[in-house]
Amino acid sequence: MGRHYKEPTRLNYFDIRTSREKERLPVGIDEMSALQRRLSTRRLPLMVVLNITNACNLSCVHCPQSFLQAADDFKVRHMDWQCFEKIVHEISDNNEPVLLRFTGDGEPTMHPRLFDMLDFAKEHSAATINLTTNATKLTRKRCDAILSQGIDVIDISIDALTKPVYEQVRKGGDFDQLLANISYLLSQREALRAGTKVMVSFVKHDTNKEEADSFVNFWKPQVNEVMVRSLHSAVGLVKSEESKRLSNAEKLERYACPHLWKRLTIDFNHDVKFCAHEWSGNKDVILGNISSTSLASIWRGENLQMIRDRHVSGDHQDGFICTACSDWAASRWDWGYELLIDRVVHGEAKLMPEFADDWSAYS
């Protein structure tokens, strides 16, 4: 049976709270500060996000990729092998647990060497390997490859229960083929007794919200995890007002964005970015290029620390890339993708040992 992550009632994280709720660990300012200190002393981020391509075969209503791809100057770009190999070797050379997440601005299965990449990362590092995909291009051959490579977890973005809503939300997708692909993946996993975990996700917004509960009930018996995700606006590019309303951003006291202490994103241009939500190409989120520097030097570098300091002090004056962003309200200190992977894949706080003492709240 799968486990269901129930999206909890949101709390103001700056409140100091002593009670513990079953499905979330409230983080007050003291706890948050302690997490910041511990996470910033790591040599590498606990999550390395690889945006290996900017090409996508769908046009989703909550994603900016469709109109970015429609621009006159758009060019398909893929992360090259040399830079990818360098990233994996650096992760391998460090003995810290890392989640290596293949996802991003495009659909990862559009990269011509995705499966070589997955195989190389699994063979040459101890990282937890995650593939996030729309699954529309998961042929039987590709499903077999994923299962044989021993990838830790595949996260399938669906966002709908029924065909009519799917066609509204994920334009260009074939719903019947998607279900057939997932069915084959799950049946082959059982037949091969493969260890790969399967999750499905649902980004909840006004177009699909009436199907959220039924989506959970349908998929829960079939997969390892069902996720109902918070909508974010990609720093104001899509559904900005709706995102603010759903996250309650305008009513919350602003807190430091947890992504600054948890992850780095490397895109198809090999640029290393501190913000995974920024899709427009704003150079202010770029901390360096992996072809000429290292993840460790960026993670422990002055530029990222300066941005963290501004968030902690509440310095969001005009001219700062984060000033107009409301997506912080859809991101949490007490929960995140890394803790979800710990629960689904590891069954313990491997990526986030800081939560080991309170692991009963997540298991």
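Here are the numbers:
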| item | result |
| --- | --- |
| Solitary cysteines of the chain, where the nearest other Cys Cβ is not under 4.7 Å | 56, 83, 143, 257, 275, 322, 325 |
| Rough spin-label spacing in nm, given labels placed 7 Å along Cα→Cβ, for residue 144 and residue 190 | 2.0 |
| Virtual spin-label span in nm between residue 162 and residue 251, 7 Å along Cα→Cβ | 3.0 |
| Length released on extending from residue 318 to residue 123, taking residue separation times 0.36 nm less the Cα-Cα span | 65.6 nm |
| When each of 137/283; 283/350; 75/273 is checked by Cα-Cα distance, pairs over 27 Å | 137/283; 283/350 |
| Highest-MSF residue in the chain out of 175, 320, 274 [GNM, Cα springs under 10 Å] | 320 |
| Within the chain, percent of DSSP bridges classed antiparallel, to nearest 5 | 25 |
| In nm, spacing of pseudo-spin labels at residue 93 and residue 293 (7 Å Cα→C-beta vector) | 1.6 |
| Mean-position separation - Cα centroids, segment 78-126 and segment 275-337, in angstrom | 22 |
| Helical contribution to [θ] at 222 nm, DSSP H n ≥ 4, -39,500 (n - 2.57), averaged over the chain, rounded to 500 | -9000 deg cm²/dmol |
| Environment charge at residue 143 (Cβ cut-off 13 Å; Lys +1, Arg +1, Asp -1, Glu -1) | +3 |
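Any read-out appearing in this document is the output of simple, stated calculations on the displayed coordinates, not a laboratory observation. Computed from a predicted structure; not experimentally measured. A quick note on method: Cβ atoms are made from the backbone with ideal geometry, for glycine too, and the neighbour counts reach across all protein chains shown.
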